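Notes for the one structure printed next.
The values are calculated or read from the model by the stated rules, or taken from the named source; none is laboratory data. The structure presented is a predicted model; accordingly, all values stated were derived computationally and were not measured. FYI the Cβ positions are ideal-geometry reconstructions off the backbone, even for glycines, and counts take in every protein chain you see. Note: accessible area is taken over every heavy atom of the protein model, side chains too, but ligands, DNA and RNA are not part of it. Shrake-Rupley method; radii C 1.70, N 1.55, O 1.52, S 1.80 Å.
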Amino acid sequence: MSGQRELGNFLRTRRARLRPEEVGLPDYGDRRRVPGLRREELALLAGVSSSYYTRLEQGQSTPSPDVLDAIGRALRLDQAEQRHLHDLAGRAKRRTVVHRPPAEHIDAATLDLLEAVGDVPALVSGRRSDVLAWNRTGHALFASHLDPAGPADPGNRPNLVRLVFLDRHTRALYADWPAKARAVVENLRMTAGRHPDDTLLASLVDELTVRSPEFAAMWADHRVSPCDSAVYEMRHPLVGSLTVRQHSLRPPQDEERHIVLAIAEPGSPSQAALRLLTRATTPPAPQR
């Protein structure tokens, strides 16, 4: 999809979620035929003409950064949404050069970080949410049913988005699966806005849109949010129910990869469950 169409769709969905009373405008009740604000109302709030804003939503105009900021304030966008708006506008301005990106690799420094966290469940994900590496406990918590050596094969790496939407084990792992699924989609849409020329990323979105109606519905909502930190109740087949906070950390000077850690509250039953998982998956020491 073109950058201009993506920009227009994003603006329309954000405009539709705003109620007139939220921004100090009258609500005409049954006479209001559109959800949320009308185009002319949003244009008024942003300080631009109605015709200009209409052309913008229709993909016929490209705004300046100052206009984007004004529209973002009128739409009450948060920081992540504002960045996404600028990403989409920048994409609309330039001619996208489509190319197949090279396979992602993990550097020694990131592997050292993965090793340094010890028994804390951890994995490293790439730009398209492919698992580039995981430690033993990370594999045991997130994907014990998969080959632990999977991330070593660039052509067949596990993909976190595919797992969430298409894998029964991963779906059953999260007690509140819809919350996890929404978080994954919102983060993926942010990434797609920053990398419109990534054909592998576009293919992943196309595949999931066809194979998962739930993904297609969430993707069409155009919500964006980074997966920085969130609490999830997990139902693990080996150690039972546990609650962890999943942190997503970027290695130094690296926008493409994330280290995902699963941490339980100290002294809690969930921490005991993680320790049990660590012991259960630790290979026995070789006998002398």
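Please list log₁₀ I(q)/I(0) at q = 0.18, 0.28, 0.30 Å⁻¹ for segment 118-170, using the Debye equation with identical point scatterers on the alpha-carbon positions. For segment 118-170 at q = 0.18, 0.28, 0.30 Å⁻¹, log10 I(q)/I(0) is -0.51, -1.22, -1.35. The share of Cα pairs per 5 Å bin across segment 34-93, counted from zero up to the longest distance, runs 4, 19, 30, 28, 17, 2 percent.
Compared with the dominant Cα axis of the chain, that is its longest principal axis, helix 3-16 is turned about 80°. Would you work out the charge dipole size for segment 153-288 about its Cα centre, treating the Cβ of every Lys and Arg as +1 and the Cβ of every Asp and Glu as -1, and quote it to the nearest 20 debye? In total the dipole reaches around 620 debye. Normalising the average separation of contacting C-alpha pairs (under 8 angstrom, six or more residues apart) by the number of residues puts the relative contact order of segment 177-288 at 18 percent. Among E265, E6, the sequence by solvent-accessible area, most first, with a 1.4 Å probe is E265, E6. Heavy atoms of the protein chains alone define the surface here; on that basis the chain has 52 Å² accessible area per residue at 1.4 Å probe size. The Cβ shell under 13 Å around S270 holds other residues with a net charge of +1, Lys and Arg each +1, Asp and Glu each -1. Atom-type composition of the exposed protein surface of the chain places 51 percent of the accessible area on carbon and sulfur (1.4 angstrom probe).
The convex hull drawn around the Cα atoms of the chain, when projected onto a plane and averaged over every direction, covers 18.7 nm².
For the pair S248 and R171, a Förster radius of 22 Å applied to the C-beta separation gives a FRET efficiency near 0.60, rounded to the nearest 0.05.
With contributions of -39500 (n - 2.57) from each DSSP H run of at least four residues, the per-residue ellipticity at 222 nm computed over the chain stands at -14000 deg cm²/dmol. The distance between label points at Q79 and Q58 comes to 3.7 nm (points 7 Å beyond Cα on the Cα→Cβ vector). Between A272 and R19, the contour length at 0.36 nm per residue exceeds the Cα-Cα span by 86.5 nm. Mean projected area of the Cα convex hull of segment 105-234, taken over all directions, amounts to 8.0 nm².
Output needed: percent of Cα pairs per 10 Å distance bin for segment 178-288, bins running from 0 to the one holding the longest distance. For segment 178-288, the pair-distance distribution reads 12, 31, 30, 20, 5, 1.
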